[in-house]
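The values are calculated or read from the model by the stated rules, or taken from the named source; none is laboratory data. Just so we're clear, the structure is a prediction, and the values are computed from it rather than from any experiment. Note that each Cβ is placed from the backbone with ideal geometry, even for glycine, and that neighbours are counted across all protein chains shown.
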Amino acid sequence: MSINKKTALQTVAYSLIGAAIGVHVGFSDDPRLLGITALLPLFWNCAPSRYSAAVLAAAYYLAAARGVPLGAATFFGDGNSHSLLLGTILWLSSSAALALPWTVLWTERVNILGQILRLAAVYILITIPPIGLFGWASPLLAAGILFPRGAWLGIAAMTLAPPIFHSFRQSKRKVVSVMLPCAFMLYVLASAYIMPFKIQHPNGFAALNTHHSKSASGSARFTDAFIRSTDVFDWVILQNTPYILLPETIAGTWNRASKQLWLPLGRYLEKHGRTLILGAEIYDDTLKYDNCMTFLGKDNTPIYRQRVPVPISMWRPFGGKGTAKAHWLADGHITLLDGRTAVCLLCYEQYIAWSMLLSMFHGNADILLCASNQWWSKDTCIPNIQIQSSASWASLFGLSYISATNS
């Protein structure tokens, strides 16, 4: 199809619409703003051409992931020019990969069943690996805002609504072609800007947010870990809750030295009927590691191993020593002593849909436990996206929610 003036204007208009929707992702830490992302599949369904559908999706993902170049540059190499280039390549390539299904599966108007099947296929492709490994800012997050506690029915509604409302627009009756789509738009706007949003805090949990910057990472020296642990120990001892959650990798590498530092605290908490959940990196004999939430104290059996480490920086295909292991198909469930089931998400897993949806596919849960390190992204919109995403998942599946973060 040749690009005439009309097509060019439509393409520009749809790119601006996609960017405007994407800016709501991470604009603040208010999860309600994610409700606006429901407009992406709505406009995609109404796109007049494949060009318009492609630029709509590409502009959305580029805007939503706008913090990736700087965040990745800091993660890979303290923001130098080489790491900034690598971050920019990651930003552009991942956005292109996520936009690809929206481009390929767009078509000229088909019947409503065909539209539903195509949108469902798009959702599946941007959720499951390999594209799903970079599946941040999924429009499915809007389901947690528009349909709280809707669970899988909320996701079904996100799949059915755009094709149905597009068919309404084609109706000859004005009340159907105008009023109903407008009512849906008003509901989306009200959910994003006006209606209250609440998530329950899990009973018996306390969490600590720290500000240790890069020193609270697995690569930190043991002396750094020892120095920062003093204030953490004092805070933990003062808590009087059954479970205490600490940020990702707060214990650094889980070796003989770090065990000597943390295990006495675990024994103390066990005597007082409490449990500490802390982040640590556990290496195997091949010097590959699991990024973990490990439990110390009364409930000292569970251990959660991160299922989706950050691609390229932590996990690499055929990676050798020093790379993270991935557990793509694990359910992420932890059963607590009191019988409640917790879904665990470690850092990167909070941004993508695959980990959370896989967990809920395996069965219901009561609590969403999140731990992360934000030292590499604190000057970007990425921390806001993390909060928005995890809160939206908790809302969608009716889970109580708690998180611990190091910045």
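Figures for the structure shown
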{"quantity": "Flag for P311 being in contact with a Leu (Cβ under 6 Å, 6 or more places away or on another chain) and modelled with pLDDT under 95", "calculated": "yes"}
{"quantity": "So I244, is it hydrophobic (A, V, I, L, M, F, W, C), surrounded by fewer than 21 Cβ atoms within 10 Å (Cβ to Cβ), in contact with a strand residue (DSSP E or B) (Cβ under 7 Å, 6 or more places away or on another chain) and at pLDDT 90 or above", "calculated": "no"}
{"quantity": "Candidates R305, R267, R256, R340, filtered to the one that is charged (D, E, K, R), over 21 Å from M360 (Cβ atoms) and touching a strand residue (DSSP E or B) at 6+ places or on another chain (Cβ under 9 Å)", "calculated": "R267"}
{"quantity": "Out of L336, L346, sole residue that is surrounded by 15 or more Cβ atoms within 10 Å (Cβ to Cβ), within 19 Å of the chain's Cα centre (by Cα) and aliphatic (A, V, I, L, M)", "calculated": "L346"}
{"quantity": "Candidates A54, A97, A65, filtered to the one that is more than 19 Å from L140 (Cβ to Cβ), hydrophobic (A, V, I, L, M, F, W, C) and either in contact with a Cys (Cβ under 8 Å, 6 or more places away or on another chain) or in the same structural domain as G135 (by TED's automatic domain parsing) (or both)", "calculated": "A54"}
{"quantity": "Unique match (being surrounded by fewer than 21 Cβ atoms within 10 Å (Cβ to Cβ), in a loop (DSSP other than H, G, I, E, B) and of a type in the set (V, I, T)) among T103, T107", "calculated": "T107"}
{"quantity": "Condition broken by C347, with the remaining ones in (1) in contact (Cβ under 8 Å) with a residue 24 or more places away in the chain; (2) at negative phi; (3) not β-branched (V, I, T) satisfied", "calculated": "(2)"}
{"quantity": "Some residue of the stretch 255-263 being free of Cβ contacts under 8 Å to residues at least 40 places away in the same chain, buried (at least 16 other Cβ atoms within 10 Å of the Cβ) and farther than 20 Å from A404 by Cβ", "calculated": "no"}
{"quantity": "Boolean, S390 is in contact with a Cys (Cβ under 6 Å, 6 or more places away or on another chain), of a type in the set (S, T, Y), at pLDDT 95 or above and surrounded by fewer than 24 Cβ atoms within 10 Å (Cβ to Cβ)", "calculated": "no"}
{"quantity": "Tally of residues being outside any loop (DSSP other than H, G, I, E, B) and surrounded by fewer than 20 Cβ atoms within 10 Å (Cβ to Cβ) across the stretch 285-304", "calculated": "1"}
{"quantity": "Any hit, the stretch 365-379, residues being under 26 Å from I124 (Cβ atoms) and either modelled with pLDDT under 95 or surrounded by fewer than 23 Cβ atoms within 10 Å (Cβ to Cβ) (or both)", "calculated": "no"}
{"quantity": "Yes/no for A53 being modelled with pLDDT of 95 or more and farther than 20 Å from M185 by Cα", "calculated": "no"}
